[in-house]
Amino acid sequence: MKKKCFSNFLNIQILIILIGSAVVVQSQENVTRLTLQDAIEIAKKQSPDALMAKHKFRASYWQYRSYQAKYLPSLTLNGSLPGFDKSISRIKLEEGSIFSQSNENSLSAGLSITQQIGLTGGNISINSNFERLDNFILDSSSYNATLLNIAFRQPLFTYNTFRWERKLEPMLYEEARKSYIEDMEQVSLTATNLFFNLLLAQIQEQIVRINEANYDTLYKIAEGRFNLGKIAENDLLQLELQYLRASSAVKDAELDLENQRFRFKSFLRFQEESKIELIIPTLVNPFMVDASRAIMEARSNSSVALAFTRRLMEAESTVAQAKYNGRFDAELFALYGLSNNDEYIRYLNDNPSDQQHFELGISLPILDWGVARGKIKMAESNQEIVRTTIEQEQIDFNQEIFLKVSRFNMQYNQVLISAKADTVAQKGYEITKARYLIGKISITDLNIAQTESDNSKSNFINALGTYWRNYYDLRRMTLFDWEKNQPIMVDYKDLL
């Protein structure tokens, strides 16, 4: 019940500030008013960071598509149309060498299909080839055709790149998907920072304008009282000094406001010429985040957590590569084909000759002075370093989530307290000003009350900004919408 009363009070406090802001800007024309959610939505659509995140994801998507295409059959057409040769060459015979003149033209075309076998790291190919040779010296033509060739190549004791790619590439793509959501939540966080920087500059500019008007009024009243001999000259000079300081503060606040407005519009790529006025956001319905659940969601959703698993697998892959490379190696190659040649193309299919080839190649280092063993030991040591580093990073990651949850849960009450303090300070200033006008207190007390009033309003905006920064930072770390109690989802098809 107490928290509900505080929440109602906070909304009343925000309403009072909004009414005060509206009074100041009522006379301005062409003013675009934005809420925090408006700013975030615009930033997600057209900010430079959002566009870079989109193209970064697209690059990862096409990289993954290229990886998938490697495991699909590839169809290749090659040929030579024509291959003309007229030359004199030296030919070695048993009796000696002679010069021979060549004047011929060849036409060739071939079609091949190749399929990678990811499970074993080998490949199988099917191809056919057709060739025509025209000899202009003999005035003859002949044909040769490879009707069918089936070849199989299989490394037996080598590092299987394709096997490890099948494990790592999907993880890299999933990381890219999660990284995109994190990048967009970072856009929300950046927009929130710029929003509250501009909002604070907007509020402070309004405060100093009100202070200038107040001190102008107080100074004129003090001049009359001084002429009547009711106040000392020192008090009059103090008010004049405060008025001059307030006038100077207006110029500084206007400059800071324009600077923050430019940064805000630049990030949002806001093209409209109208002035921007920000609306102070209210709090969402108060809720608490459980630290254990936040850590669990971060482990399930975050790209950082997925990268831990991927880096361990990459280290394991490096060890496997070191164990295979530079040691016993063997490769199996087998081929079967049908071919024929003839002076007439119509006879190429008649009684083709078969061709067979089988080869088992081996490579066995006899003496490498421990090079291969050294590489294995280095890879294993690096694997242990990676494992230890990741274990520590996981601890730090969990601790960071815990601290962010603690800050978020605590900040709601801080906003309520700062709102209450702002109301008390404003009321205290009005009472102090009234007492000064009747001569009950000194100018020093009035200055102190005015400073506390200004600081309390700035503290309230800062506390509110910290709440929303913590909220979007927690969303970015966990990829979870805590207000709606569901994971943050994205339709990736819209990005392609």
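Structure above, values below:
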{"quantity": "Test: residue in segment 305-321 that is touching a Phe, Trp or Tyr at 6+ places or on another chain (Cβ under 9 Å), more than 30 Å from residue 134 (Cβ to Cβ) and free of Cβ contacts under 8 Å to residues at least 60 places away in the same chain", "calculated": "no"}
{"quantity": "Number of positions in segment 101-117 that are closer than 18 Å to residue 151 by Cβ and not β-branched (Val, Ile, Thr)", "calculated": "5"}
{"quantity": "Condition broken by residue 291, with the remaining ones in (1) surrounded by fewer than 19 Cβ atoms within 10 Å (Cβ to Cβ); (2) at pLDDT below 90 satisfied", "calculated": "(2)"}
{"quantity": "Residue, nearest to residue 160 (Cα to Cα), within segment 116-140, restricted to residues that are of a type in the set (A, V, I, L, M, F, W, C) and assigned to a strand (DSSP E or B)", "calculated": "117"}
{"quantity": "Residues that are loosely packed, with under 13 Cβ neighbours inside 10 Å and touching a residue at least 12 places away in the same chain (Cβ under 8 Å), drawn from segment 364-406", "calculated": "364, 365, 368, 371"}
{"quantity": "Residues of segment 293-313 satisfying the condition of being of a type in the set (Val, Ile, Thr) and farther than 13 Å from residue 398 by Cβ", "calculated": "309"}
{"quantity": "Selection count, segment 45-82, where residues are out of contact with any Ser or Thr (no Cβ under 7 Å at 6 or more places or on another chain) and part of a helix (DSSP H, G or I)", "calculated": "23"}
{"quantity": "Contacts under 7 angstrom Cβ, first residue in segment 247-274 being in the same structural domain as residue 197 (by TED's automatic domain parsing), partner assigned to a loop (DSSP other than H, G, I, E, B) and modelled with pLDDT of 90 or more, 6 or more apart", "calculated": "267/47; 268/47; 269/47"}
{"quantity": "Residue list for segment 463-475, filter: of a type outside the set (A, V, I, L, M) and touching a Ser or Thr at 6+ places or on another chain (Cβ under 8 Å)", "calculated": "465, 468, 469, 472, 475"}
{"quantity": "One residue from 258, 273 being charged (D, E, K, R), loosely packed, with under 14 Cβ neighbours inside 10 Å, at pLDDT 90 or above and under 35 Å from the mean Cα position of the chain (by Cα)", "calculated": "258"}
{"quantity": "Checklist (1) modelled with pLDDT under 90; (2) part of a helix (DSSP H, G or I); (3) crowded, with 16+ Cβ neighbours inside 10 Å applied to residue 283, failing item", "calculated": "(2)"}
{"quantity": "Unique residue being within 30 Å of residue 474 (Cα to Cα) and either charged (D, E, K, R) or assigned by TED's automatic domain parsing to the domain that holds residue 47 (or both) when the list is 283, 218", "calculated": "283"}
{"quantity": "When residues of segment 209-235 are limited to those that are assigned to a helix (DSSP H, G or I) and among the small types (Gly, Ala, Ser), the one nearest to the chain's Cα centre (by Cα)", "calculated": "213"}
{"quantity": "Which listed residue, of 206, 238, is in a helix (DSSP H, G or I), more than 54 Å from the chain's Cα centre (by Cα) and either within 30 Å of residue 56 (Cβ to Cβ) or polar (S, T, N, Q) (or both)", "calculated": "238"}
{"quantity": "Cross-chain or 6+ apart pairs with Cβ under 9 Å, segment 474-496 first and free of Cβ contacts under 8 Å to residues at least 24 places away in the same chain, then surrounded by 10 or more Cβ atoms within 10 Å (Cβ to Cβ) and of a type outside the set (Asp, Glu)", "calculated": "481/475; 481/487; 481/488; 485/287; 486/480; 489/181"}
{"quantity": "Index of the failed condition, residue 439 passing every other in (1) in contact with a Ser or Thr (Cβ under 6 Å, 6 or more places away or on another chain); (2) at positive phi; (3) not hydrophobic (A, V, I, L, M, F, W, C)", "calculated": "(1)"}
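The values are calculated or read from the model by the stated rules, or taken from the named source; none is laboratory data. Treat the numbers as computed from the prediction; the structure is a model and nothing was measured. Counting neighbours? That spans all protein chains shown, and the Cβs are built from the backbone with ideal geometry, glycine included.
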